[in-house]
Protein chains: 2
Amino acid sequence: MHQIDQTHDPQLKSWVETANDPKSDFPIQNLPFCVFQQGDRIPAIGVGIGDQILNLRIAADKGMVGDEFVESLQANTLNSFMSFEMEKRLELRQLLSSIFSSETSADRVAVESAMVSQTDATFCLPCRIGDYTDFYASVYHATNVGCMFRPDNPLLPNYKHIPIGYHGRASSVVISGTEVRRPVGQKAPAEDGGSPTRSPCALLDYELEVGFFVGQGNALGETIPIEQADNHLFGMCLLNDWSARDIQKWEYQPLGPFLAKSFASTISPWVVTMEALAPFRVPALIRPKGDPEPLDYLSDPENESHGGVDLKLEVLLTSQQMREQSLSPKHLSSGNFTNMYWTIGQILAHHASNGCNLQPGDLMGSGTISGTERESRGSLLELTWDGDSEHPLPGTQRTPIVLPTGEERKFLADGDEVIMRGYCENESHRRIGFGECRGIILPAV
Amino acid sequence: MHQIDQTHDPQLKSWVETANDPKSDFPIQNLPFCVFQQGDRIPAIGVGIGDQILNLRIAADKGMVGDEFVESLQANTLNSFMSFEMEKRLELRQLLSSIFSSETSADRVAVESAMVSQTDATFCLPCRIGDYTDFYASVYHATNVGCMFRPDNPLLPNYKHIPIGYHGRASSVVISGTEVRRPVGQKAPAEDGGSPTRSPCALLDYELEVGFFVGQGNALGETIPIEQADNHLFGMCLLNDWSARDIQKWEYQPLGPFLAKSFASTISPWVVTMEALAPFRVPALIRPKGDPEPLDYLSDPENESHGGVDLKLEVLLTSQQMREQSLSPKHLSSGNFTNMYWTIGQILAHHASNGCNLQPGDLMGSGTISGTERESRGSLLELTWDGDSEHPLPGTQRTPIVLPTGEERKFLADGDEVIMRGYCENESHRRIGFGECRGIILPAV
């Protein structure tokens with residue numbers, strides 16, 4: 001894993017004043033990447049600092065970065081840059097840190113001329129996502145969902161041995177702010193018989209997830225040993241894995257979720273690098289006594305010692321009425337990415353363990369992040385459910401969430417906007433923020 | 001659907017003599033596309049005829065095709081050309097048909113100078129596959145597999161209402177001839193308890209499938225009505241969906257197959273266009289009495305009238321010993337693509353029915369193609385199984401296939417080569433062949 005160095009020094013300040021605000025998501029210690037557009041210009045790679053973006057294409061054109069990075073940073077996706085080794089990426093991080101901190105830099109005027117306000121930018125997907133894979137790595141989420149459908153036996157026998165995952169749809173991954181059309185689909189026949197029906201999803205849900213991007217890939221037929229998994233990770237983002245629960249329930253046997261997921265998955269625009277997250281790596285979740293040890297290919301003391309990321313997460317919601325009345329978003333839940341039964345290193349090593357080739361820019365989702373408390377449940381399916389693993393109730397019994405307007409929600413209504421936020425924060429380091437992941441639900445066609 | 005026109009005239013001959021051989025897969029009536037390389041040159045789009053390939057980049061450079069096609073045909077993947085409307089593609093088909101048939105063409109010398117022998121070409125993937133989705137559309141396959149695991153209730157209640165499918169892995173789709181490394185993975189604990197183990201797949205299998213490529217796509221949030229589905233199809237190929245049965249059995253609940261499939265999927269190099277297949281479109285499989293009618297969005301009399309493709313398929317195998325002794329491949333099974341419960345039009349309409357955006361070059365697999373007879377079972381899982389839907393036996397009882405060397409196979413051994421072939425043939429039209437889909441199994445690492 002990347003060591004903590006001077007780029008993480010909490011005393012380090014930038015001449016970009018807004019980056020020095022302690023509440024900023026984007027201090028000089030962060031330096032997340034994005035792809036953005038100004039007006040109708042060609043998308044460019046940028047790095048965020050304070051309320052600004054440095055256009056890295058212009059920086060590359062003007063010779064501000066090392067020759068080896070020029071071509072990658074002139075591209076309109078991050079894929080080529082993602083394929084660099086972590087050591088190389090670190091060189092660029094150190095250079096950017098120095099550019100933004102050095103008051104006396106002769107280049108400051110040139111750098112400033114390549115900067116744009118974040119409010120003047122339109123964000124694009126940060127890379128071409130060759131494949132998107134979604135996991136199921138929160139044992140609390142898996143237990144909650146299992147309790148609803150199999151109260152006697154909520155966790156399947158493979159759960160504690162395998163980081164369960166499935167292939168997702170890459171084409172419908174969209175950037176924060178993209179409106180999401182409520183899907184129409186087949187629902188199961190009534191329990192007393194009859195035919196299935198097709199109608200707009202009535203149980204539309206979000207799932208609070210973290211996404212992570214593959215950096216360097218592996219060749220087909222080769223594996224990624226868990227000891228090397230961190231070297232193949234580029235960075236992380238927020239992910240809303242929208243879910244149509246009624247469509248899912250009817251379609252998912254025997255081959256897994258399909259149209260219940262593939263209508264849209266929203267990611268936040270900033271890719272926070274693994275280098276920036278180094279000060280927030282914490283030990284992996286301690287397996288309860290009696291749980292099996294992971295098999296050798298998923299086991300590594302080094303990985304266990306820093307397998308977690310202390311990333312705080314929250315979900316908020318505004319209805320259309322709330323926005324019309326300028327009311328603040330309703331807080332729905334808070335969570336932490338440390339609540340993962342499987343680490344991102346284990347997930348990556350497992351994914352490549354059969355020789356499957358991972359490629360720069362591939363996206364993996366953690367699965368819904370839920371904790372032990374009701375307040376930390378990462379989906380409406382869990383939040384409005386009246387059961388828990390000790391006292392499971394029938395899956396349909398639900399208590400709605402009441403919004404400040406008096407509106408009630410068991411699942412999402414048209415016009416609802418779901419907002420996810422995430423940030424790392426501890427006493428000895430600057431806050432590393434992820435920004436926001438947003439999406440408004442449009443009515444079904 | 002595209003009408004049958006003079007390009008299908010069985011009397012039409014080409015000056016490429018090998019195309020006139022009645023046994024050729026590639027008569028002038030076929031004109032399938034591929035992407036190929038000569039030596040270390042940049043991959044080019046080609047069209048196959050007889051034992052030759054016309055390099056369409058050179059043809060485009062020399063002005064042999066309409067201006068509107070030039071840029072697409074100079075590319076090194078078919079994606080851009082795939083996005084043309086069917087009417088436009090048909091114009092190119094008619095032009096190519098005329099180029100290859102006209103004895104007196106002044107261009108013949110120029111055309112010949114842009115041709116290369118198929119034996120001098122190395123084939124590449126025909127396009128960038130943005131997403132790969134695999135279906136489960138043969139009711140006989142679904143019933144066979146269901147009988148092994150659920151003898152009392154082989155078909156799940158959704159099967160006859162939904163074309164069941166799941167997202168696959170795009171990065172590991174490889175071209176015919178690519179060696180396939182036997183995957184290593186987790187297997188279930190013994191039935192009397194214990195821990196799962198990780199070892200090379202012991203139940204390695206092939207699945208005989210047909211792949212089809214999306215042509216024009218649809219925007220996210222929009223659907224493709226079944227009446228228009230044919231206009232969004234570009235063409236078809238053979239697909240071997242390699243499967244690790246022991247890995248699959250342990251991992252697939254509750255989210256579907258994952259590492260059991262993602263180590264490799266092999267496709268044949270030629271994309272046979274829907275235009276070429278027009279004379280072989282036949283009515284969809286007649287649903288047995290008592291089966292439910294498809295819901296409206298999957299129902300279209302026009303689609304039913306030509307929803308099938310009369311495509312004959314066969315699977316052959318050679319072991320390393322057989323190749324060393326120069327023995328002919330062992331014929332394992334024969335099938336026909338008409339044995340599909342769901343048509344490709346229904347599959348496409350269903351896939352986009354939730355607003356999921358399909359893109360030019362996306363690949364869909366039919367699912368294993370099995371028929372009613374033992375001889376038409378499209379996987380070793382089914383072929384060596386001693387049961388049938390009337391008399392299901394425990395899933396583990398298997399009678400091996402005996403090879404000419406005396407070797408026995410219940411599943412694939414290292415060094416085995418699986419060969420799939422496909423062709424359309426009827427009394428009033430020339431044979432339209434698909435070529436071959438091949439892959440040799442390498443030992444696990």
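The values are calculated or read from the model by the stated rules, or taken from the named source; none is laboratory data. In this text, all values refer to a predicted model and were calculated from it rather than measured experimentally. No Cβ is skipped: glycine too gets one built from the backbone with ideal geometry, and neighbour counts run over all protein chains shown. These accessible areas exclude ligands, DNA and RNA; they are computed on the full protein's heavy atoms, side chains included. Shrake-Rupley method; radii C 1.70, N 1.55, O 1.52, S 1.80 Å.
List of remarks:
- Coupling constants for the range A:90-96 follow from the phi torsions by the Karplus curve (6.51 cos²θ - 1.76 cosθ + 1.60, θ = phi - 60°), and in residue order they are 5, 4, 5, 4, 5, 4, 5 Hz; glycine and proline get x.
- In summary, the convex hull built on the alpha carbon positions of the range A:162-236 has an orientation-averaged projected area of 8.9 nm².
- Percent of alpha-carbon pairs separated by more than 19 Å within the range B:145-195: 64
- Here the chain B residue lying nearest the rotation axis onto A, judged by its C-beta and given with the distance in whole angstrom, is B:256, 1.
- Under 18 Å from the Cα of residue B:23 - aspartates and glutamates, other chains or at least 8 residues apart: B:9, B:51, B:310, B:314, B:425, B:427, B:436
- Listing of the range B:145-159 residues, each with accessible area lower by at least 20 Å² in the full protein assembly than in the chain alone (probe 1.4 Å): B:156, B:158
- Per atom type, chain B shows carbon and sulfur on 49% of its accessible surface, probed at 1.4 Å.
- Over chain A, equivalent-ellipsoid semi-axes from the Cα gyration tensor in Å: 36, 26, 20
- Here the Karplus relation 6.51 cos²θ - 1.76 cosθ + 1.60, evaluated at θ = phi - 60°, turns the backbone of the range B:43-58 into coupling constants of x, 10, 7, x, 10, x, 8, x, 9, 10, 10, 8, 6, 6, 5, 5 Hz, with x for every Gly and Pro.
- Förster radius 60 Å - calculated FRET efficiency between residue B:375 and residue B:71 (Cβ-Cβ, nearest 0.05): 0.80
- Cα-based Rg / Dmax (Å) for the range B:6-124: 13.4, 38
- Heavy-atom SASA rank of A:289, B:249, A:312 (probe 1.4 Å, accessible area, largest first): A:289, B:249, A:312
- For the range A:334-445, the C-alpha radius of gyration sits at 1.35 times the compact-globule guess of 2.2 N^0.38 Å, with N the residue count.
- A label point on residue A:293, set 7 Å along the Cα-to-Cβ line, lies at 6.2 nm from each of its counterparts in the other copies, closest listed first.
- Here the range B:288-327 has an Rg and Dmax of 20.8, 56 Å, counting Cα atoms alone.
- Long-range amide H partners of residue A:173 with built H, under 5 Å: A:265
- Vicinal HN-Hα couplings computed from phi for the range A:226-238 (Karplus, 6.51 cos²θ - 1.76 cosθ + 1.60; Hz; Gly/Pro x): 4, 5, 9, 4, 4, 6, 9, 9, 9, x, 10, 8, 8
- For residue A:435, nonlocal amide neighbours, meaning residues 5 or more places apart or on other chains whose placed amide H falls under 5 Å from its own, are A:422.
- In this simple spin-label model, placing a label point 7 Å from the Cα along the Cα-to-Cβ direction at both residue B:199 and residue B:427 gives a separation of 5.6 nm.
- Residue-averaged beta-carbon neighbours from other chains (10 angstrom radius) around A:357-363: 2
- Distance between the 7 Å Cα→Cβ label points at residue B:152 and residue A:11: 7.4 nm.
- Eligible lysines near residue A:410 by straight Cα distance, threshold 26 Å, same-chain separation 8 or greater: A:187, A:249, A:261, A:312, A:330
- Since only A:177, B:4, A:348 are under comparison, the one whose Cα sits farthest along the positive direction of the charge dipole of the protein assembly as shown, derived from C-beta charges on Lys, Arg, Asp and Glu, is A:348.
- Longest segment of chain A lacking GluC sites (Glu not before Pro) that sit in a DSSP loop with at most 16 other Cβ atoms within 10 Å: A:223-372
- Members of the range B:292-337 that become less accessible by 10 Å² or more once partner protein chains are added (1.4 angstrom probe, chain alone as reference): B:295, B:297
- Here each label is just a point 7 Å from Cα along the line to Cβ, and for residue A:120 and residue A:391 those points are 5.8 nm apart.
- Shape descriptor for the protein assembly as shown: Rg over Rh equals 0.97 (Cα atoms; Rh from the Kirkwood inverse mean 1/r).
- Residue mean of other protein chain beta carbons inside 10 Å, A:214-227: 2
- Starting from the label point of residue B:87 at 7 Å along Cα→Cβ, the same points in the other copies fall at 6.0 nm, in ascending order.
- Here's the picture: charge each Lys and Arg Cβ at +1 and each Asp and Glu Cβ at -1 in the protein assembly as shown, and of B:211, A:27, A:161 the one pushed furthest to the positive end of that dipole is A:161.
- Equivalent ellipsoid semi-axes, the range A:30-76, via Cα gyration tensor eigenvalues times 5, rooted, Å: 17, 14, 8
- Nm distances between copies for residue B:202, ranked from closest, using label points 7 Å along Cα→Cβ: 4.8
- The charge dipole of the protein assembly as shown, taken about its Cα centre with unit charges on the Cβ of Lys, Arg, Asp and Glu (plus for the first two, minus for the last two), comes to roughly 460 debye.
- Pairwise burial B:A, computed as accessible area of each alone minus the pair, summed, 1.4 Å, Å²: 5300
- A simple charge model with +1 on the Cβ of Lys and Arg, -1 on the Cβ of Asp and Glu and nothing else charged puts the dipole of chain A at about 940 debye relative to its Cα centre.
- The mean count of C-beta atoms from other chains within 10 Å of the C-beta of residues in A:184-191, rounded to a whole number, is 3.
- Relative contact order of the range B:6-124, defined on C-alpha pairs under 8 angstrom at six or more residues apart (%): 31
- Rolling a 1.4 Å probe over the heavy atoms of the protein chains gives the protein assembly as shown an accessible area of 36 Å² per residue.
- Note that the range B:67-225 carries a Kirkwood radius of 21.1 Å, evaluated over its alpha carbons pair by pair.
- Chain A, relative contact order in percent, only Cα pairs under 8 angstrom and at least six apart counted: 22
- Amide H to amide H, with H built 1.01 Å from N, residue B:311 comes under 5 Å of B:337, B:338, counting only residues 5 or more places away or on other chains.
- Those lysines that a straight Cα-Cα span of less than 18 Å connects to residue A:289, excepting residues fewer than 8 apart in one chain: A:160
- Short-range pairs are left out: with C-alpha atoms under 8 Å and at least six residues apart, the relative contact order of the range A:118-277 is 24 percent.
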